Every structure is written in structure tokens, then in C-alpha cells.
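Visitor: This is the structure, below, for whatever I ask next.
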Amino acid sequence: MTIETRNYIAGEWREGAGSIESVNPSDLRDRIGHFAQGSAADLEDALAAARQAQPRWGSAGIQKRHDVLMAIGTELMARAGEIGALLSREEGKPLAEGKGEVYRAGQFFTWFAAEALRLHGDQAESVRPGIEIEVRREPVGVAAIVTPWNFPVATPAWKIAPALAYGNAVVWKPANLTPASAAALATVIARQDMPAGTFNMVLGPGSEVGDRLVGHVGVDAVSFTGSGAVGATIAARTLGNRAKLQMEMGSKNPMLIMDDCDLDLAVAHAANAAFGGTGQKCTAASRLIVHEAIFDAFAERLVAAAEALRVGDALAEGTQMGPVVSAGQLAGNLSYLQKGLAEGAQLLTGGTRLERPTEGYFMAPTVLSGTTNAMVVNREEMFAPITCLIRAENYAEALAIANDTPYGLTAGIMTRSLARATHFRANMRAGCVMVNLPTAGTDYHVPFGGRGQSSFGPREQGRYAAEFFTTVKTSYIAAGAPE
Ligand code: NDP
């Protein structure tokens, strides 16, 4: 596959003001390419083109929008192997996860293609005789989309697909760490027959291009996924323009391991949730709250599972955990580890950078024990292959610990007790609750999002996405008397 390295603005591929290089985190000698960085003028052009294109796209009709989205989704699914390999090479997740992500991105487009046909309004009687009321959903306008590197194709897909399905124009700022994956997705979208300017991609540093985009008066809605710190900045920037805002940020997802659980299943799900995607998932289980009756047995088996994981080159056959995405992220992980140890945590396994045949950012899956919920490693999102064991005397204490966090994205419980599972579903303060499943792993046709500092604004995905990407108009029609 030839990788496009330019920005996509107003229906054209354009060179930027400078460029950045994308490097394979599994093999630092492997340089993926140089990618254009958009200037302030590029961003202005993209926003102006989006403003001009949006009314045409919004009135193109639902069959047209369906057909375009279906074509994008179908192509992504058909090319999941090829684009997934590029994603894995650039982001570092194992090949099966990379392919799975691109296939999933395709499913977002095909699902929202059909949703474009299902956008129904309401009809109401007026309290005043002779008047009819119609409530309809219309596009919001120009949507700014800002996305992170950890799901460089799926996250933009679950935002861009509903934005386009409901008739909006898009200006997308992908993460600078994964520009090749972004360009691959943009190439598939750009091939479609849409008014020039309906879809734009402008790469560049978040602190410049991203900041300018989210604070621009020409933006009607901002959808962001990333860190809480950047989310706070974006919230302040959008308020000035009264733009609609939807944000998905960090978390500190708990998984309760109860004394009545299937221990083997609990270990498998905890290892999957903690180390899948090298722990770089907003849904990763980083707090394992374990009933004291099975604490030692669980810890022993989890350590064995962590040590059995094959860590290596994302593209190599048999790799189960790839490298950390970047030098900065790896340094951050090791720094969190030191903070945990300084606060009294015990290292059961991992904690080191790993040597592999190629130089890369490999880190051993890490388990910390003897941690309390007050420690930094249990308060802040690490985004690392590090998970912390917290001992609980009983279910009630475990639930209290789980809820003692400013976040609330996903949460899980491993138990055979229907009473505990039912109580947990009702009393866990999180947007997604999993019973006898890992905290990571969600479906594409139902809402996704959290509470507290994890999320802000209307939910993403599923039918709920219409809340954000449409605006409601209430029309009053006086029938009048026939001539
Ligand atoms: P950031 O929040 O820094 O970046 C996410 C996106 O926002 C990127 O496209 C970034 O651009 C852009 N951005 C950065 N600054 C601004 C700004 N001022 N205005 C507008 N856009 C901006 O997350 P990182 O990717 O750097 O990861 C750092 C931490 O964030 C992780 O360790 C993790 O804790 C958390 N995170 C959480 C995610 C989640 O899904 N909940 C996803 C990713 C990260 P660019 O990267 O090009 O600078």
C-alpha cells in the first residue's frame, strides 16, 4: 500500500508547512515515513471548506449518505489485513489486534450507514387548536474531531462515521504519534464522492493545530478522546464559542475478584484487561480488587499468566503483547513504577524494559501487590502494562474501593453470585459494567462512555450518537382553513 503523507483539505491532498517522522516502536530502525504538518492557514482552509460543503452534504439525502458510509466500511473491512498491519507497525499492538481494530472501524461505518436511514423525528399535537408540531433532527454543522494514538483508526471511525451519517462536515486532527494509520483511514474516506470539504484531515501538534481547531469560531461541535489534562483545556476553549462538546478521557478501571469466582477465568480476564494493547486502553483494568480469601492464589496465578505472555515485535507471529508506543510513554510508565515502589508497593513481576532482537520500547507486564487505593498508582491513569492488586476483606469493601475514584469508565466483577453481580451492576458508578468479562472489550452498536472525570457530554456510539451529532428543531405549522 502506498501511504499518503499529506493533509486532506477541501478535497485535495496538500503538502504542509513541515513534517514529522513516524517510527516503528517495535524496531526503531524502521522509519515508516514523513508526514505533513498543517499550518494555521491549512486549518483555516479546511474549516472554510467544511463550512461551505456542509449544507450540500446535509441535503445530499440519506440514501447518498448511506451509500458513502457503506462503501467506506466495506473497504475498511476488506483491507483490514493490510491497514491493520500498518497500524500494528506504527502503534505497536499485535497484528491480530491491529487487523481487528481496522475491521471494527469498518463496522462503525456500515452500522452508521444504516442509521442514516433510520433518523426519525416526532410529530405532536399542539395545545393550540389548528397547529401541528414536528420535531426533527438536523446536522449540527462543522464537527472538529481530535483523537489519540492508542486506537488510531477505530476511535476516529466511531466519531467520523456518525458525524457524516447525520449530515455534518468534519475537520479531523489525528494524533501525531500515529500519522500513517490516520492517513490510511483518510485515504479510504477521501475516495468517496462527497462535496469537496465534507471531510478534512489536518495533522499537526495538538498544542498548536488541535488547540486552534477546538477554539475556532467556525466549529459547531468538538468530539475529543485523550487525556484529562487536555480535555480540561479543550472544555475551556469551546465554552467561549458555545460549541457542543463530547469528551472521552482517562480512567482507573477496577475489577473485583470475588472469593466465589471461577479463578482460572478471573486470571485470564484480568490478564487480558490489564495487558491487552500493552495496557494502553482507556478500558484497561489497572486496579484488581481481590477478596482476601483468594488473594494469594489469584496473585500467584496472575504472575504466572503475566510471565507467560510473549512480549515482542507487534508484527511477529505469536506476539501477545507489543511494545509501548513511544519513548515518552515508556519513561512515564517506569516513573509511575518508581512512585508505586516508593509508596510501599511490592513488585511481584515485571517492572523492567525488555531486550529483544530489535531495539524497541518493550516493557515486561508488571504486577504490583500490597497497594492501597490511596497510592498514586491507583489514583492516576498510567496507560501502562502495570496492574495493581488491592486486598479487600469482603464484597462491600471491594465495591467501596472500586467507587473511590474520580473516574468511572468501565468496571468489572468476577463472581458466581447472582446477588453480588446484580448489586454491583446497580451500585458501581461507571458508564460500562462487566460481569464475568474483562473491563476492556465493548460492542459497536451500543453506547460507550463513562462518568465523573472519564467523560463529558452525550454518549458516543450506537443510537445515542445522534444526541451529539444532530440538533433538534421544533416546527409549529398553522394549517389554516382550506379555500
Ligand atoms: P493527549 O490528550 O495529549 O492527546 C490526544 C489528542 O489531543 C492528540 O491528537 C493530541 O495531539 C491532541 N492534543 C494535545 N494537546 C491538545 C490541545 N491543547 N488542544 C487540542 N488537542 C490537543 O493524549 P496523549 O495521546 O498524549 O496521551 C497522554 C495520556 O493521555 C496517556 O498516557 C493516557 O493517560 C491518556 N490517554 C487516554 C486515552 C483514552 O482513550 N482515554 C487515549 C489516549 C491517551 P498530538 O498527539 O498530535 O499532540
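Visitor: Filter K159/K281; K173/K339; K173/K244 down to the pairs with a C-alpha to C-alpha distance above 24 Å, please.
Guide: On the way: K159/K281 17 Å; K173/K339 33 Å; K173/K244 17 Å.
Checking Cα-Cα distances, K173/K339 exceed 24 Å.
Visitor: Which whole-number percent gives the relative contact order of the chain, counting Cα pairs below 8 Å spaced six or more residues apart? Mind showing how you got there, number by number?
Guide: Details: 1149 pairs, mean separation 86.7, N = 483.
Relative contact order of the chain: 18 percent.
Visitor: Helix 327-342: angle to the longest alpha-carbon principal axis of the chain, degrees 0 to 90, nearest 10?
Guide: Once rounded, the angle reads 50 degrees.
Visitor: Then there's this: Measure off 7 Å from each Cα along the Cα-to-Cβ vector at D122 and S227, then give the distance between these two points in nanometres to one decimal.
Guide: 4.2 nm
Visitor: While we're on this one: Take peptides 114-125, 19-30, 403-414 and line them up by average Cβ neighbours within 10 Å, highest first, as a rough protection proxy. Present the calculation step by step, with values, prior to reporting the outcome.
Guide: Details: 114-125: 13.7, 19-30: 18.4, 403-414: 24.5.
Peptide ranking by packing, descending: 403-414, 19-30, 114-125.
Visitor: DSSP beta bridges in the chain, what fraction antiparallel, as a percent rounded to 5? Numbers along the way, then the final one.
Guide: Numbers: 30 of 68 bridges.
For the chain, the DSSP antiparallel bridge percentage is about 45.
Visitor: Still on this structure, I have one more. State to the nearest 20 debye the size of the charge dipole of the stretch 253-435 about its Cα centre, where the only charges are +1 on K and R beta carbons and -1 on D and E beta carbons. Working shown, then result.
Guide: Details: 13 positive and 18 negative charges, 85 e Å.
Charge dipole, the stretch 253-435, about its Cα centre: 400 debye, nearest 20.
Visitor: If you line up the long axis of helix 80-91 against the longest principal axis of the chain, both from Cα atoms, how many degrees apart are they, to the nearest 10?
Guide: 60 degrees
Visitor: How far is helix 263-275 tilted, in degrees, relative to the longest principal axis of the Cα atoms in the chain, given as a value from 0 to 90 rounded to the nearest 10?
Guide: 60 degrees
Visitor: How large is the helix-only mean residue ellipticity at 222 nm for the chain, computed as the sum of -39500 (n - 2.57) over DSSP H runs with n ≥ 4, divided by its residue count, in deg cm²/dmol to the nearest 500? Don't skip to the answer; put the middle values down first.
Guide: On the way: 15 runs with 182 residues, N = 483.
Dividing the helical sum by the residues of the chain leaves -11500 deg cm²/dmol.
Visitor: Tell me which aspartates and glutamates have Cα within less than 14 Å of K252's Cα, excluding those fewer than 8 residues away on the same chain?
Guide: E380, E381, D404
Visitor: Still on this structure, I have one more. Consider all pairwise Cα distances in the chain and report the whole-number % of them above 34 Å. Working shown, then result.
Guide: Working: 42634 of 116403 pairs.
Tail fraction, whole percent: 37.
Visitor: With the crude spin-label approximation of a point 7 Å out along Cα→Cβ, what separation in nm comes out for E343 versus D67?
Guide: Inter-label distance under the simple model: 5.7 nm.
Visitor: Where only protein heavy atoms count, and the probe is 1.4 Å, what is the accessible area per residue for the chain in Å²? If you can, show how the numbers build up before the last one.
Guide: On the way: 19010 Å² over 483 residues.
Counting only protein heavy atoms, the per-residue value for the chain is 39 Å².
Visitor: Among I413, N176, L86, pick out the residue whose Cα is farthest towards the positive end of the charge dipole of the chain, where Lys and Arg carry +1 and Asp and Glu carry -1 on C-beta, about the Cα centre.
Guide: Towards the positive end, the residue furthest out is N176.
The values are calculated or read from the model by the stated rules, or taken from the named source; none is laboratory data. Please read these numbers as outputs of a predicted model, since none were measured by experiment. Cβ: placed from backbone, ideal geometry, glycine included. Neighbour counts: every protein chain shown. Quick note on the areas: whole protein, heavy atoms, side chains included, nothing else; ligands and nucleic acids left out. Shrake-Rupley method; radii C 1.70, N 1.55, O 1.52, S 1.80 Å.
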